[in-house]
Amino acid sequence: MDLFKFFGRSGGGSKDIAKDRLQLLLIHDRANVSPQFLEMVRGDLIDVISDYIEIDESGLDIKLTRTKRERDGATVPALVANIPIRKMKEKIR
Amino acid sequence: MGEVIVITSGKGGVGKTTTTANIGTGLALEGKSVVLLDADIGLRNLDVVMGLENRIVYDLVDVVEKTCRLKQGLIKDKRFPNLFLMPAAQTKDKSAVTPEQMMELTKNLAEEFEYVLVDSPAGIEQGFKNAIAGASRSIVVTTPEVSAVRDADRIIGLLEANDLKNPQLLINRIKLEMVKRGDMMNIDDIVDILAIDLLGVVPDDEQIVISTNRGEPAIVDDRSLAGQAYRNIVKRILGDNIPFMSLDTDEGLITKIARVFGFVRK
Ligand SMILES: Nc1ncnc2c1ncn2[C@@H]1O[C@H](COP(=O)(O)OP(=O)(O)OP(=O)(O)O)[C@@H](O)[C@H]1O
Ligand SMILES: [Mg+2]
């Protein structure tokens, strides 16, 4: 590990790190203090997807998390939905 | 009817009490009648910052429980024309009063005073709920640190959920040198993230410590930069349009400081 990078050298620019960390934190905080947020997304997702696929609504799991972006390995917020499929609807065959 | 303004923050120790003392004194110096209400029950501080700790007889809880009359719970600050303090109780805890009682208390005070400033305790629990109960306007204090801004964001959400729309932001303890070398979030960064109106910026200033030692708010000190910043904030509360300045222009440090804290117009 590059220790110099890790400890931020002798200062300069640490505010950008602070700002990035803060922005990431707040995306999570803001979604979590509003329980309706994920419920709304969940409801709308079910509506949209159900047009094409028969899903197991009770098994649907949706959450806000962090993930590493492939391009540069940066941590970014991500909305992850796990949607168990029962079967495809007839009309799209 | 006067205006009830709550000064709050989420994170502790960022300068709520200092802000309440200075803004209150500044409003009194501008000729307004003001009462400072210490809602930090169990950890009262405002009396000490104001230098009035030796004059306490009754406190907020005594008034709420009707052990004494409203007027008996008020300490007059003799140094200023129309400034009063209602101290918090020190031996009780935050559950000693309810939001309903606070609502009634601030309403009664607002009938007597033009400004009722409520110094909120840190946190988001009972003490916070009490402090905001009767308020119609709110000031959120933060320092330029990740944890303080994060907590400010949480508080802003709670204020809005409690029908205190348009909270105003006060950024305290800015260090110009650190901002300049990119080691402290600047005003734009913080306003950008929190997305509320900026009321003012107060520099980190040794004079705050000195004036707290003496029990005289820094706003009365002409040489104090923080005092100057608080004078500008008071004018903005009264509705004057005192411009904010940018930190990014390349000019001498003194003019820059002057700009940041509003001595010089753009
Ligand atoms: N602008 C400033 N420059 C230097 N010191 C400051 C400044 N503002 C506040 N302080 C100091 O920071 C400390 C905390 O301030 P204060 O008591 O006002 O915070 P608070 O938010 O009321 O804290 P609490 O959450 O415990 O009630 C005090 O020692 C105070 O003197
Ligand atoms: Mg305090």
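The values are calculated or read from the model by the stated rules, or taken from the named source; none is laboratory data. Bear in mind the structure is a predicted one, so any value in this text is a computation, not a measurement. So basically every Cβ, Gly included, is an ideal-geometry build from the backbone, and we count neighbours across all protein chains shown. For accessibility, only protein heavy atoms count, side chains too; no ligands or nucleic acids. Shrake-Rupley method; radii C 1.70, N 1.55, O 1.52, S 1.80 Å.
How about the stretch B:46-55: which of its residues are buried (at least 22 other Cβ atoms within 10 Å of the Cβ) and more than 25 Å from residue B:104 (Cβ to Cβ)?
B:49
Rundown of residues vs (1) closer than 17 Å to residue B:132 by Cα; (2) within 16 Å of ligand 2 (Cβ to nearest atom); (3) in contact with a Ser or Thr (Cβ under 8 Å, 6 or more places away or on another chain); (4) touching a residue at least 40 places away in the same chain (Cβ under 8 Å), yes/no style:
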{"position": "B:6", "(1), (2), (3), (4)": "yes, yes, yes, yes"}
{"position": "B:16", "(1), (2), (3), (4)": "yes, yes, yes, yes"}
{"position": "B:28", "(1), (2), (3), (4)": "no, no, no, yes"}
{"position": "B:83", "(1), (2), (3), (4)": "no, no, yes, yes"}
{"position": "B:94", "(1), (2), (3), (4)": "yes, yes, no, yes"}
{"position": "B:114", "(1), (2), (3), (4)": "no, no, yes, yes"}
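Within the stretch B:137-150, is there a residue that is closer than 30 Å to residue B:72 by Cβ, open to solvent by 10 Å² or more (accessible area, probe 1.4 Å) and away from ligand 2 (no atom under 16 Å from the Cβ)?
The answer is yes, given that some residue of the stretch B:137-150 is closer than 30 Å to residue B:72 by Cβ, open to solvent by 10 Å² or more (accessible area, probe 1.4 Å) and away from ligand 2 (no atom under 16 Å from the Cβ).
Does the stretch B:122-130 contain at least one residue that is within 16 Å of ligand 2 (Cβ to nearest atom), away from chain A (no Cβ under 14 Å), surrounded by 23 or more Cβ atoms within 10 Å (Cβ to Cβ) and part of a loop (DSSP other than H, G, I, E, B)?
No.
For residues that are within 22 Å of residue B:43 (Cβ to Cβ), in contact with a strand residue (DSSP E or B) (Cβ under 9 Å, 6 or more places away or on another chain) and polar (S, T, N, Q), tally how many sit in the stretch B:131-153.
So the answer is 3.
Can you tell me which residue within the stretch B:159-187, out of those that are part of a helix (DSSP H, G or I) and either of a type in the set (Lys, Arg) or touching a residue at least 24 places away in the same chain (Cβ under 8 Å) (or both), is farthest from residue B:7 (Cα to Cα)?
Just the residues of the stretch B:159-187 that are part of a helix (DSSP H, G or I), to begin with: B:159-161, B:176-180, B:187.
Pick out the ones that are also either of a type in the set (Lys, Arg) or touching a residue at least 24 places away in the same chain (Cβ under 8 Å) (or both) and you get B:159, B:176, B:179-180, B:187.
On the way: B:159: 11, B:176: 24, B:179: 25, B:180: 29, B:187: 19 Å.
Across the stretch B:159-187, the extreme among qualifying residues is B:180.
Looking at the stretch B:61-71, can you tell me whether even one residue there is in contact with a Pro (Cβ under 8 Å, 6 or more places away or on another chain), more than 16 Å from residue B:214 (Cα to Cα) and not aromatic (Phe, Trp, Tyr)? Spell out how you get there, then give the answer.
Taking the stretch B:61-71 first, the residues in contact with a Pro (Cβ under 8 Å, 6 or more places away or on another chain) are none.
No, the conditions are met nowhere in the stretch B:61-71.
I need the full set of residues from the stretch B:16-45 which are open to solvent by 10 Å² or more (accessible area, probe 1.4 Å) and within 9 Å of ligand 1 (Cβ to nearest atom), in order please.
Listed by number, the residues that qualify are B:16, B:17, B:18, B:40, B:43, B:45.
Residues that are open to solvent by 100 Å² or more (accessible area, probe 1.4 Å), away from chain B (no Cβ under 14 Å) and at pLDDT 75 or above: which helices (runs of 4 or more DSSP H) entirely in chain A hold 1 or more of them?
Details: elements: A:3-6, A:14-33, A:35-50.
Where helices (runs of 4 or more DSSP H) fall fully within chain A and carry at least 1 residues being open to solvent by 100 Å² or more (accessible area, probe 1.4 Å), away from chain B (no Cβ under 14 Å) and at pLDDT 75 or above, they are A:35-50.
Go over the candidates B:156, B:210, B:219, B:190 one by one and state the one that is β-branched (Val, Ile, Thr), more than 14 Å from chain A (Cβ to nearest Cβ), surrounded by 20 or more Cβ atoms within 10 Å (Cβ to Cβ) and part of a helix (DSSP H, G or I). First the steps, then the outcome.
Details: B:156 fails: more than 14 Å from chain A (Cβ to nearest Cβ); B:210 fails: surrounded by 20 or more Cβ atoms within 10 Å (Cβ to Cβ); B:190 fails: more than 14 Å from chain A (Cβ to nearest Cβ).
Every option except B:219 fails the conditions.
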